[in-house]
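Visitor: Pasting a structure here, questions to come.
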Amino acid sequence: MKETQTLLIKVLVILAVYFALFYYGGTTGRKILYPVTLFVTFLHEFGHTLGALVTGGQVEVIQINPNGSGFTRSRGGNAGIILMGGYIGSALLGNLLFYIGARKQKAAPFTLTILGLLMAIVAFLWSESLTSSVILILFAAGIYVITHYTKWEKEVLMFFGLAAVLYIIQDFNVGPSSDLNKYATTLRIFPADIWKYIWLGIVVFISFVNLRVILTKR
């Protein structure tokens, strides 16, 4: 019971900090949350990457821009899954990081290490832009510092995982717009505006289930 209460307090603190910075922090708040913006972009593009790889496609380029935008260019694979991987895949990854930070605390350092290695691999293997590579390498270096010189691994995973999910949900009307248009064109079942709410419903449901599992007593 005590562990669940502690987790609940941490979650509420993260929510309070995130929303305070996002809605009331002004320019300073947006600057503090800037790493979250870049991190969400990385998760989004890596979600496309996973969608391509698991369906037999090949990844050619992954780009992370300083303004928070990005793109992934792949060849082959299942177009529908690749497109869904950006929005829904990034939400799954964010929820997974949040869960590990909250409930699998011994795995937090290893998870952060893997995350840093993935960023370094993307920087050297798929990035064609020096700016994109620098962003990813700096992120990987920051993760290295956290895992080797602090004890904040689980808190960092919780904050970035939950903040990423919140950002993804908040940005659903803008972030996946190009993916939604391509997805609607590919499947030709519903228009993009319908798929938008279907994707949002999936992400909200996944996040609700994850939060419920995290806050449920073992």
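Bear in mind that the values in this text are calculations on the coordinates, not laboratory data. Since the model is a prediction, treat every value here as computed from it, not as a measurement. Neighbour counts are summed over all protein chains in view; Cβ atoms, including those assigned to glycine, are modelled from backbone coordinates with ideal geometry.
Visitor: Could you go through region 51-69 and let me know if any residue there is under 12 Å from the mean Cα position of the chain (by Cα) and buried (at least 19 other Cβ atoms within 10 Å of the Cβ).
Guide: Looking for residues that are under 12 Å from the mean Cα position of the chain (by Cα) and buried (at least 19 other Cβ atoms within 10 Å of the Cβ), one finds none in region 51-69, hence no.
Visitor: Evaluate the following for Gly76: is it farther than 18 Å from Thr37 by Cα and in contact with a strand residue (DSSP E or B) (Cβ under 7 Å, 6 or more places away or on another chain)?
Guide: yes
Visitor: If the requirement is being under 19 Å from Trp195 (Cβ atoms) and either in a helix (DSSP H, G or I) or in contact with a strand residue (DSSP E or B) (Cβ under 9 Å, 6 or more places away or on another chain) (or both), which of these qualifies: Leu83, Leu53?
Guide: Numbers: Leu53 fails: under 19 Å from Trp195 (Cβ atoms).
Unique residue meeting the criteria: Leu83.
Visitor: Scan (1) closer than 22 Å to Ile169 by Cα; (2) assigned to a helix (DSSP H, G or I) for the single condition Thr72 breaks and write down its number.
Guide: In the conditions (1) closer than 22 Å to Ile169 by Cα; (2) assigned to a helix (DSSP H, G or I), Thr72 misses (2) alone.
Visitor: Also, quick follow-up: Any chance you could count how many residues in region 98-133 are in contact (Cβ under 8 Å) with a residue 40 or more places away in the chain and in contact with a Ser or Thr (Cβ under 7 Å, 6 or more places away or on another chain)? Don't jump to the end; show me each part of the working.
Guide: Start the filter on region 98-133 by keeping residues that are in contact (Cβ under 8 Å) with a residue 40 or more places away in the chain, which leaves 98-103, 105, 108-109, 111-112, 118-119, 122, 126-129, 131-132.
If we keep only those that are in contact with a Ser or Thr (Cβ under 7 Å, 6 or more places away or on another chain) too, we end up with 100, 109, 112, 127.
Here the count works out to 4.
Visitor: Give me the pairs, please: first residue somewhere in region 1-29 and touching a residue at least 40 places away in the same chain (Cβ under 8 Å), second residue anywhere and among the charged types (D, E, K, R), beta-carbon distance under 6 Å, and either six or more positions apart or on two chains.
Guide: Thr4/Lys217
Visitor: Consider Gly80 carefully, then state whether it is surrounded by 14 or more Cβ atoms within 10 Å (Cβ to Cβ) and in contact with an Asp or Glu (Cβ under 6 Å, 6 or more places away or on another chain).
Guide: Taking the combined requirement at face value, the residue does not satisfy it.
Residues are listed down the side, and each one gets a yes or a no for (1) surrounded by fewer than 15 Cβ atoms within 10 Å (Cβ to Cβ); (2) within 26 Å of Val13 (Cβ to Cβ); (3) more than 16 Å from the chain's Cα centre (by Cα); (4) in contact (Cβ under 8 Å) with a residue 12 or more places away in the chain:
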| site | (1), (2), (3), (4) |
| --- | --- |
| His148 | yes, yes, yes, no |
| Leu157 | no, yes, no, yes |
| Ala163 | no, yes, no, yes |
| Ile168 | no, yes, no, yes |
| Asp171 | no, yes, no, yes |
| Arg188 | yes, no, yes, no |
| Pro191 | yes, no, yes, no |
| Ile214 | no, yes, yes, yes |
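Visitor: Hey, can you tell me all the residues within region 15-37 that are part of a helix (DSSP H, G or I), touching a helix residue (DSSP H, G or I) at 6+ places or on another chain (Cβ under 6 Å) and closer than 27 Å to Met84 by Cβ?
Guide: Step one: filter region 15-37 for residues part of a helix (DSSP H, G or I), giving 15-24, 26-32, 34-37.
Within this subset, residues satisfying the condition of being touching a helix residue (DSSP H, G or I) at 6+ places or on another chain (Cβ under 6 Å) are 18, 21, 29, 32, 36.
If the condition is that a residue be part of a helix (DSSP H, G or I), touching a helix residue (DSSP H, G or I) at 6+ places or on another chain (Cβ under 6 Å) and closer than 27 Å to Met84 by Cβ, then Tyr18, Val36 are the ones that fit.
Visitor: Further question on the same structure: Say whether the condition of being of a type in the set (A, V, I, L, M), within 30 Å of Thr4 (Cα to Cα) and surrounded by fewer than 20 Cβ atoms within 10 Å (Cβ to Cβ) is met by at least one residue in region 101-116.
Guide: Yes - at least one qualifying residue is present in region 101-116.
Visitor: So Ile32 ticks every box in (1) touching a strand residue (DSSP E or B) at 6+ places or on another chain (Cβ under 6 Å); (2) surrounded by fewer than 20 Cβ atoms within 10 Å (Cβ to Cβ); (3) of a type in the set (Val, Ile, Thr) but one. Which box is left unticked?
Guide: (1)
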